[in-house]
Amino acid sequence: MDRILASPGATLEVLDQFGIRARKKYGQNFLIDANIVRGIIDTAEITREDCVLEIGPGIGTMTQLLSGAAGQVVCVEIDESLKPVLAYTLSDCPNVTILWQDVLKTDLQALRDQYAPGRRMKVVANLPYYVTTPILMMLLEQQDLFESITVMVQKEVADRICAGPGSKEYGAISLAVQYYAQPEAAIRVAPSCFIPHPNVDSTVLYLKAYEQPPVDADKELMFALIRAAFNQRRKTLANAVSHGLQAPSGPYTRQQVENALKSMNLPETARGETLGLEQYAALSKYLGYDTLNPV
Ligand code: SAM
């Protein structure tokens, strides 16, 4: 196909030509705004040196432009009914490979080793919103494979990911992402930029993956503490942790947690939502030390 799909007219024409309806169960909202698509590719700083992983190419709207900007594009798409459409829309894109599978069941290490051996890929996607968090966490937990992740997500999810201590959006997902990457809300996107319109605002989120975690922590224990703290947001951290942590990460007495907080110059009554990543990391080390050296 020799013209770009990122417009309402071209998208409707292709959907009509192939008798395609956006499938809600796969979170399909197709981008129709060329400025937004270019904005995503600019945010991701795609160059000819890059091998890009695109999750969910849909009818190929972003893939067309990625193909022009990157050295190579590898797409993972779950919906095989889109095969004839992509064969048509990407017929002039020889550097694009499509793998027809569920990204959550994809061996990303093997994919990287096959298409970009010894290098880190860049992930770009207009994510299906029903699986945003599992996809993001899967990518981040293998952050050695990826240099950056540039993704369209619900605005509310982007706000939670970028939030810091003390704000109402701050939660376990903020800390989970911030342990692996530095997040930035790059572009605000209105529902009118998609067909069909989603019923929420969206944000292009840019995650620059750290090569090393930004804090020195007992990782398993730190994430167990974070889960316990935010599962019971209204309790003090000492109460939430002493009630919420089971073996193998706990248990700890309220007194042990209060002592650790005191050693960190924090009030005994501190709540989980007031601590930042560094403080959770420090707490994991204090409590980890307590376990090794019981009183
Ligand atoms: N990239 C296209 C665009 O911007 O117009 C489509 C984006 S649409 C929001 C999400 C895409 O992800 C759809 O093509 C959908 O079929 C695909 N998808 C949904 N769940 C998936 C999964 N688990 N693995 C791979 N692709 C998936």
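The values are calculated or read from the model by the stated rules, or taken from the named source; none is laboratory data. What you see is a predicted model; the values in this text were computed from it and never measured. FYI the Cβ positions are ideal-geometry reconstructions off the backbone, even for glycines, and counts take in every protein chain you see. These area figures cover heavy atoms from the full protein model, side chains too; ligands, DNA and RNA do not enter into them. Shrake-Rupley method; radii C 1.70, N 1.55, O 1.52, S 1.80 Å.
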Requested in this report: May I ask you to verify whether GLU169 is farther than 20 Å from MET121 by Cα and part of a helix (DSSP H, G or I)?
Outcome: no
Report task. Mind listing just one residue for me: the one in the stretch 204-214 that is surrounded by 19 or more Cβ atoms within 10 Å (Cβ to Cβ) and under 18 Å from GLU141 (Cβ atoms) and, of those, farthest from the chain's Cα centre (by Cα)? Result -> ALA209
Query - Subset of the stretch 62-84 that is open to solvent by less than 10 Å² (accessible area, probe 1.4 Å) and either assigned to a loop (DSSP other than H, G, I, E, B) or touching a Ser or Thr at 6+ places or on another chain (Cβ under 9 Å) (or both) - its residue that is nearest to ILE4 (Cα to Cα) - result: THR63
Query raised in the report: Condition test on SER7, is it under 16 Å from MET121 (Cα atoms), modelled with pLDDT of 95 or more, open to solvent by less than 60 Å² (accessible area, probe 1.4 Å) and polar (S, T, N, Q)?
Result: no
Query - Counted residues, the stretch 262-277 - those being more than 31 Å from the chain's Cα centre (by Cα) and part of a helix (DSSP H, G or I) - result: 2
Query raised in the report: Do we find a residue being of a type in the set (Gly, Ala, Ser) and either under 24 Å from ARG21 (Cα atoms) or within 10 Å of the ligand (Cβ to nearest atom) (or both) anywhere in the stretch 42-49?
Result: no
**Report entry** Selection from the stretch 215-246 of residues that are among the polar types (S, T, N, Q), assigned to a helix (DSSP H, G or I) and surrounded by 20 or more Cβ atoms within 10 Å (Cβ to Cβ)
**Finding:** SER242
**Report entry** Search result, residues across the stretch 133-152 that are open to solvent by 10 Å² or more (accessible area, probe 1.4 Å) and either in contact with a helix residue (DSSP H, G or I) (Cβ under 7 Å, 6 or more places away or on another chain) or assigned to a strand (DSSP E or B) (or both)
**Finding:** THR133, PRO134, MET137, MET138, GLN142, GLN143, GLU147
Requested in this report: Answer with yes or no whether GLN143 is assigned by TED's automatic domain parsing to the domain that holds ARG38, at pLDDT below 95 and under 29 Å from CYS51 (Cβ atoms).
Outcome: yes
Query raised in the report: Which residues, counting only those in the stretch 85-110, are part of a helix (DSSP H, G or I) and within 9 Å of the ligand (Cβ to nearest atom)?
Result: VAL103, LEU104, LYS105
Query raised in the report: List, please: which pairs have Cβ atoms under 8 Å, are six or more places apart or on different chains, and start with a residue in the stretch 105-119 that is in the same structural domain as ASP79 (by TED's automatic domain parsing) and surrounded by 12 or more Cβ atoms within 10 Å (Cβ to Cβ) and end with one that is β-branched (Val, Ile, Thr) and not in a helix (DSSP H, G or I)?
Result: THR106/VAL76; LEU111/VAL74; LEU111/VAL76; TYR115/VAL74; TYR115/THR97
**Report entry** Pairs where the first residue, in the stretch 17-29, is open to solvent by 70 Å² or more (accessible area, probe 1.4 Å) and the second is within 6 Å of the ligand (Cβ to nearest atom), C-beta under 9 Å, 6+ apart
**Finding:** ARG21/GLN28; ARG23/ASP79
Requested in this report: Kindly list the number of the only condition in (1) modelled with pLDDT under 95; (2) open to solvent by 40 Å² or more (accessible area, probe 1.4 Å) that fails for HIS197.
Outcome: (1)
Report task. Considering each residue of the stretch 13-32, count those that are over 20 Å from VAL76 (Cα atoms) and either of a type in the set (Ser, Thr, Tyr) or near the ligand (Cβ under 10 Å from one of its atoms) (or both), and give that number. Result -> 1
Query raised in the report: Among the residues of the stretch 161-184, is any free of Cβ contacts under 8 Å to residues at least 60 places away in the same chain and within 16 Å of the ligand (Cβ to nearest atom)?
Result: no
